[in-house]
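Here is the structure we will look at.
The values are calculated or read from the model by the stated rules, or taken from the named source; none is laboratory data. In this text the structure is predicted, and so the values were computed from the model without any measurement. Methodologically, a virtual Cβ is constructed for each residue, glycine included, from the backbone with ideal geometry; neighbour enumeration extends over all protein chains shown. Remember, those area values only see protein heavy atoms, side chains included, never the ligands or the DNA or RNA. Shrake-Rupley method; radii C 1.70, N 1.55, O 1.52, S 1.80 Å.
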Amino acid sequence: MKHWYEHAIIYQIYPKSFQDSNNDGIGDINGIIQRIPYLKSLGINTIWLNPIFVSPQVDNGYDVADYFAIDPRMGTMKDMAALIEACHHAGIHVIMDFVLNHTSDQNKWFQKAIEDPNSKYHDYYIFAGEKNQRPNNWGSFFGGSVWEPNPNGAGEFYFHLFDKHMPDLNWKNSQVRKEMLKIAEFWLEKGVDGLRLDAFIHIAKADLRQNYPIANYLNKVDKTVIAEPFFANLPQVQEWLRPFCEQIKKDYPEALLLGEAASANVNLAADYTMKENHLLDNVVTFRYFEDDQSKIDLSLPPEYQPKNLNWSAFKQNQIIWQQTLAEVSLPILYWSNHDMPRLATKEAKTEVQARSLAILMYLQRGIPLIYYGEEIGMKNLLFTKSSEFNDKKVEDFVKEAKKQGKTTEETLNMVSVSHKMPARGVMQWTNSQNNGFSNVKPWIKGIKQNNVNVQVEETEPDSMLNFYRKLLALKKEKLFQSGNIYVLPTDSNSYVYRRDLDNISAIVAVSLSNNKEKIEIPHGYKNVMLSAGKYHINNDQLILMPYSGIVLSR
Ligand code: GLC
Ligand code: CA
């Protein structure tokens, strides 16, 4: 392996929630600098920061008003330079989030585009429709139509896949492609080690006149529908991204290009990451995780009901992704991020299970990506007001649930464990009132659901934090970096795999069940490298107590 990033162990920092250095309740760059010793002690070697550019924060920074400047709430350009330098000094690489599918409506390009339909910036965005008729029935990920009237009139609409304050860029326009490359290289020139390409799979759109066919299809545009096939993973995505990636790799051969490919299936992921295609190094897929829909309350909309993971689908998906990408690229191994509920809230029923799921995921072939706070067992916050979700769809859900006789409290309990916002709580450094995050109340409200914190876990040799340290140390061993992997044929109550490199090997066995699991393992694996929960080894039989996990070598 010849690039640094093939050995990356990434830690995702949500800057607003990590550490507040100037006590305004908002995490910032200087706060991250203060915590570099902690990051180093964890054993990670890369951090990925969610967006920190100038932004009205409609979508917490994913709405960028100025790509060339740091949001003053996060710090200054000087702070950013200091962060990069201090991280590099500590052997930590820095990856920035790069939002390339859309901008903020406050971006000066968009301001010019709506002011003057004849300006060149008008074609930086996607305008269509006339006489106040929306061009099609496509729905936005954030609810409602993808079309919003040009606020300056003219009867036309602009396209936004996300919030209406986040207009999509027109990647068909070669000028836009040039501008985006310029921005990317501006940051790489400043010493950033890579970019996470946000929502890149959406940069190409199908013919805008085409309504999405729905049941009871009336060719009317009053009902909207999320028209994924018309704006996700179209072939032009690769066509337009290729010159962008090629130029970056030419100018910065060590830059990591990590794409967020939420809905990409494994074959697309292979296309996006195979060397011959000159696109990305790795992608993050959301396809690992499928919900168990069997316990859904049919009287309520499904989206915000708490759901368990469908474990047998999960196991199948892991095996397929591991094997399909085996000769292609390194899969990104993760349990959660700022767009999903936390591991300790959703998948892990117990602390033991949180640990063994970490073993399961991160010792596979690929690059671990750990969401801040996961290493201490943080859970989603509990929100007590629907407005705290900052999501119109939640308000609708609460109304709907009320009609079905649910109290607001019951409904908010449900949404708090299933929604992305409560997963963005401030890092629990200590058990003090503001968690050692700030001296004042943090920007994000909500009640923490456990008292886990770094301060206490530092003092306990067997804490989750120290467990993660051991796990990441193990991950750095050659076997787990470069060994091949295959999954042993066990039933869906366990996930057992073997990693081999030359003549060294290890068995990783994790119980997914609440019962005692008996697992036949190959002969001679007796040496325990790491474990979570209780187990027994009798000859070649391994017994795992509920949700336990173990790593064995010969
Ligand atoms: C990505 C981000 C998400 C954001 C969206 C729009 O999916 O992860 O948080 O809302 O893109 O930029
Ligand atoms: Ca601050």
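Worth a mention:
- The trypsin sites (Lys or Arg not before Pro) of the stretch 1-64 that DSSP puts in a loop, and whose beta carbon has at most 14 other beta carbons within 10 Å, are K2.
- Rolled with a 1.4 Å probe across the full set of protein chains, the surface gives T350 an accessible area near 60 Å².
- Relative to the dominant Cα principal axis of the chain, helix 464-475 is inclined by about 90°.
- At full extension, S174 and E189 could sit 3.2 nm farther apart than now, given 0.36 nm per residue minus the alpha carbon distance.
- Note that the stretch 393-399 has calculated 3J(HN,Hα) couplings of 5, 6, 4, 5, 4, 4, 4 Hz, one per residue in order, obtained from phi through the Karplus relation 6.51 cos²θ - 1.76 cosθ + 1.60 (θ = phi - 60°); glycine and proline are x.
- Counted residue by residue at 0.36 nm each, then reduced by the alpha carbon distance between them, the extension gain from S263 to T459 reaches 66.4 nm.
- Dipole magnitude of the chain about its Cα centre (Cβ charges: Lys, Arg +1; Asp, Glu -1), debye to nearest 20: 820 debye
- For R365, the solvent-accessible surface with a 1.4 Å probe is about 40 Å², rounded to the nearest 10.
- Surface composition of the stretch 315-397: carbon and sulfur make up 50 percent of the accessible area, probe 1.4 Å.
- All distinct Cα pairs of the chain go into the 1/r average, and the inverse of that average, the Kirkwood radius, is 24.7 Å.
- Restraint check, K420/K516; K406/K445; K406/K516; K379/K402; K476/K534, Cα-Cα greater than 31 Å: K420/K516; K406/K516
- Ordering M427, P117, P306 by Cα displacement along the dipole of the chain toward the positive end leaves P306 in first place; charges were set at the Cβ atoms of Lys, Arg (+1) and Asp, Glu (-1).
- Whole-Å semi-axes of the stretch 444-545's equivalent ellipsoid (Cα gyration tensor): 29, 19, 14
- Mean projection area, nm², convex hull over Cα of the stretch 306-418: 8.4 nm²
- Peptide ranges 526-533, 410-417, 27-34 listed from the most packed, as the mean C-beta count within 10 angstrom indicates: 27-34, 410-417, 526-533
- Computed over the chain, the per-residue total of -39500 (n - 2.57) for DSSP H runs of n ≥ 4 gives a 222 nm mean residue ellipticity of -8000 deg cm²/dmol, rounded to 500.
- Aspartates and glutamates whose Cα lies under 12 Å from that of K307, excluding same-chain neighbours fewer than 8 positions away: E290, D291, D292, D297, E347
- Residues whose amide H lies under 5 Å from that of Y212, counting only those 5 or more places away or on a different chain, are N137, W138; hydrogens are built 1.01 Å from N in the peptide plane.
- Here is the tail figure for the stretch 176-263: Cα pairs spaced more than 19 Å apart come to 50 percent of all pairs.
- Pairwise FRET efficiency - K131 versus K40, Cβ, R0 = 60 Å, nearest 0.05: 0.50
- Where the stretch 477-553 is the region considered: accessible area per residue in Å², 1.4 Å probe: 46 Å²
- Projected over all directions and averaged, the alpha-carbon convex hull of the stretch 1-124 occupies 9.2 nm².
- With Cα atoms, 0 to 90° folded angle of helix 408-418 axis to the chain main axis: 70 degrees
- Of M166, M340, the residue with the largest accessible area leads and the full order is M340, M166 (1.4 Å probe).
- Relative to the longest principal axis of the Cα atoms of the chain, the long axis of helix 174-189 makes an angle of roughly 40 degrees.
- If the segment from N538 to I320 were pulled out straight at 0.36 nm per residue, it would be longer than the present Cα-Cα gap by 75.4 nm.
- Using C-alpha pairs under 8 Å with a sequence gap of at least 6, the mean separation divided by the residue count of the chain gives a relative contact order of 12 percent.
- What the stretch 320-361 shows is 26 Å² of accessible area per residue, with the surface traced by a 1.4 Å probe over protein heavy atoms.
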